[in-house]
Every structure is written in C-alpha cells, then in structure tokens.
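Here is the structure we will look at.
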Amino acid sequence: MALRSYPGSDAHTASDIFTDLKEFKESIWNKDAEVPVSRLVFAVKDCMLLPKAFGSPEQLKSILGFHYPDRVGKKILYTGFSGRDYMLAGLVDADKHAELKSGLNPKSVILSPASLLDAAEKYTKNKTGQAVYVQVWSGYVELLAFSDDKPLLYNTTTYKTGNDLVYYMLNLYKQLMLDPKKCPLMFAGFVEKNDTAVVQLNKFINHIFLETLNPDKNYSYTFQDTLPHYFVNFLNLD
C-alpha cells in the first residue's frame, strides 16, 4: 500500500525505527494504526548462498565462522526457499534483530538477497538460458549469476569506483565462461544508466538492462515518480 525509505546506519536504533514506523502510519491513516508487519528484511553484506545439505545449524555456524571470524555481536540468520536445494545464511546485528523482532512481531524475517534470487529465477524461467544480476548498494554490490533456474554464483564485494565494477563483471563473465553476446546483465539498486560502470560495460556486453517492475503486480500511480530499479527487487518479494 505504501513505501517509505530513509537512510540507515549502525547508529540507527530499533527505537528510531519504531518512531519512524509510527509517524509513517500516522501520515497515511492519521493515527498509529494496528497494521501487521508481514516481513522484516535485513540488507546484509556478510551473506552466503549454501546448499541445503549444509542445513545443520552447527555446520553453518562453523562455515560462517571460517569466512567471517569477527562475529562479535552478530546473529546468523537463515532464509530458505520452498522447492529449492539452496539457502541463504548471513550475519545481522544480534541486538537489533532481537529488538525489531520483538517490537514489530513480523510474520517472517528474511535476508535481502532473497529478492534478488527470486527475480533471477522468474526471469530465467520465462527466458531460458543465463543471466547475471547486480544489485548496487552504497559501497558494495551483490553479484548473482543464474543458469537454467540454478544459481552459478552469489557473492558480495565492496567497490569504490565504477571501474571497479567493470573489472569485477568482466572477470565474472570470463571465469564462468558466460557469453557476453548472449548472457544479459541486469542492474538494480542505486545505479543510473549513465554511470561509468554501465557505460563502460556496454562496450563489452551486448544486453544490459535496468530492472523494471513486475507486470504481474499492480502499482500505485505514485511509483511513476520513482525509478523502478531502485526498489524493484524489494517490491517484487512474494
């Protein structure tokens, strides 16, 4: 029914979020309405895509502990997918997770890369073959390569300039032996069509797109004023 975004930071407490939510509901319904929270979504950089065979909590804790040794104050959060043989495991702030879950009582708590995986699966089901997805956040990106309804690779990496993204993407195509003439590159998140990375990659990759809204869903006319690729994966969560 509505969308509001605001900058977040490590200093943004659960109490701040509760106040923002109260003001948000009052701005829509003129009162702090009792609106149930369907999902609590954590945007995380420390996240891995793993086979469900590693589904034991102790196994996952060991794996994430190896990759992310500095886990003080962090909680491992898992997101599974019905009918798929992989899952997400990521690190979130333990105190904030506990406070938000208690204060908001959401029906589910998930990791943000779930929306990227959903978008990739839907795209490759309708258009067989391979595709690469890049979700651009502030200071880091999520990279996802998909082939025949299956993820080939999921990774997050920090970057400073558009040239960093060009280097990462060309190496990803090379290492996974993806055909730049056939395999499309889909951008979502905080990126513009005239950004350095998009302009430069157009010289090497034939089909580059900014994500668009899912035609199977209905959107308010107010979204005409918002570039859809900023929030498209978040909005298309089922």
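The values are calculated or read from the model by the stated rules, or taken from the named source; none is laboratory data. Since the model is a prediction, treat every value here as computed from it, not as a measurement. Note: ideal-geometry Cβ built from the backbone for every residue, glycine included; neighbour counts use all protein chains shown.
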| Only one of these conditions is not met by Leu165: (1) over 27 Å from Leu50 (Cβ atoms); (2) crowded, with 17+ Cβ neighbours inside 10 Å; (3) modelled with pLDDT of 90 or more. Which number is it? | (1)
| field | Pairs with Cβ under 6 Å, 6+ apart, first in segment 50-74 and assigned to a helix (DSSP H, G or I), second exposed (fewer than 13 other Cβ atoms within 10 Å of the Cβ) | value | Lys52/Asp85
| task | Kindly establish whether Tyr133 is outside any strand (DSSP E or B) and either out of contact with any strand residue (DSSP E or B) (no Cβ under 7 Å at 6 or more places or on another chain) or not polar (S, T, N, Q) (or both). | result | no
| query | Counting only residues that are surrounded by fewer than 21 Cβ atoms within 10 Å (Cβ to Cβ) and among the hydrophobic types (A, V, I, L, M, F, W, C), which one in segment 101-113 is farthest from Lys75 (Cα to Cα)? | reply | Leu104
| Failed item in (1) of a type outside the set (Val, Ile, Thr); (2) at pLDDT below 80; (3) surrounded by 13 or more Cβ atoms within 10 Å (Cβ to Cβ); (4) more than 24 Å from Leu227 (Cα to Cα), with Leu3 passing the rest | (4)
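Quick check: anything in segment 133-148 of a type in the set (Asp, Glu), touching a residue at least 12 places away in the same chain (Cβ under 8 Å) and in the same structural domain as Val44 (by TED's automatic domain parsing)?
The first filter runs over segment 133-148 and keeps only residues of a type in the set (Asp, Glu), leaving 142, 148.
Checking which are touching a residue at least 12 places away in the same chain (Cβ under 8 Å) leaves us with 142, 148.
Filter once more, so that each one left must be in the same structural domain as Val44 (by TED's automatic domain parsing): none.
No: segment 133-148 contains no residue that is of a type in the set (Asp, Glu), touching a residue at least 12 places away in the same chain (Cβ under 8 Å) and in the same structural domain as Val44 (by TED's automatic domain parsing).
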| task | Being surrounded by fewer than 14 Cβ atoms within 10 Å (Cβ to Cβ) and either touching a residue at least 12 places away in the same chain (Cβ under 8 Å) or in the same structural domain as Val92 (by TED's automatic domain parsing) (or both) is the filter here, so list the residues in segment 21-30 that pass it. | result | Ile28
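Matching residues to (1) among the polar types (S, T, N, Q); (2) assigned to a helix (DSSP H, G or I); (3) at pLDDT below 90:
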{"site": "Pro106", "(1), (2), (3)": "no, no, yes"}
{"site": "Glu121", "(1), (2), (3)": "no, yes, yes"}
{"site": "Ala145", "(1), (2), (3)": "no, no, no"}
{"site": "Leu178", "(1), (2), (3)": "no, no, no"}
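Select, from Asp32, Asp20, the only residue that is within 25 Å of Phe190 (Cα to Cα) and not aromatic (Phe, Trp, Tyr).
Values: Asp32 fails: within 25 Å of Phe190 (Cα to Cα).
Just one listed residue meets the conditions, Asp20.
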| query | If we keep just the residues of segment 31-55 that are at pLDDT below 80 and farther than 23 Å from Lys101 by Cβ, which is surrounded by the most Cβ atoms within 10 Å (Cβ to Cβ)? | reply | Phe54
| field | Ser82 vs. criteria outside any helix (DSSP H, G or I), under 26 Å from Thr212 (Cα atoms) and hydroxyl-bearing (Ser, Thr, Tyr) | value | yes
| field | Candidate set from segment 26-46 (those that are part of a helix (DSSP H, G or I) and among the hydrophobic types (A, V, I, L, M, F, W, C)); member that is nearest to the chain's Cα centre (by Cα) | value | Ile28
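Table: residues versus (1) in a strand (DSSP E or B); (2) among the basic types (Lys, Arg); (3) in contact with a His (Cβ under 8 Å, 6 or more places away or on another chain); (4) in contact (Cβ under 8 Å) with a residue 40 or more places away in the chain.
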| site | (1), (2), (3), (4) |
| --- | --- |
| His97 | no, no, no, yes |
| Ala114 | no, no, no, yes |
| Lys125 | no, yes, no, no |
| Asp164 | no, no, no, no |
| Lys174 | no, yes, no, no |
| task | Please list, ordered by first then second residue, the pairs with beta carbon atoms under 7 Å, 6 or more apart or interchain, first in segment 182-201 and in contact (Cβ under 8 Å) with a residue 60 or more places away in the chain, second part of a loop (DSSP other than H, G, I, E, B) and surrounded by 15 or more Cβ atoms within 10 Å (Cβ to Cβ). | result | Met186/Glu211; Ala188/Glu211
| message | With the structure loaded, tell me whether Glu23 is modelled with pLDDT of 80 or more, over 25 Å from Ile76 (Cα atoms) and assigned to a loop (DSSP other than H, G, I, E, B) or whether it fails that test. | response | no
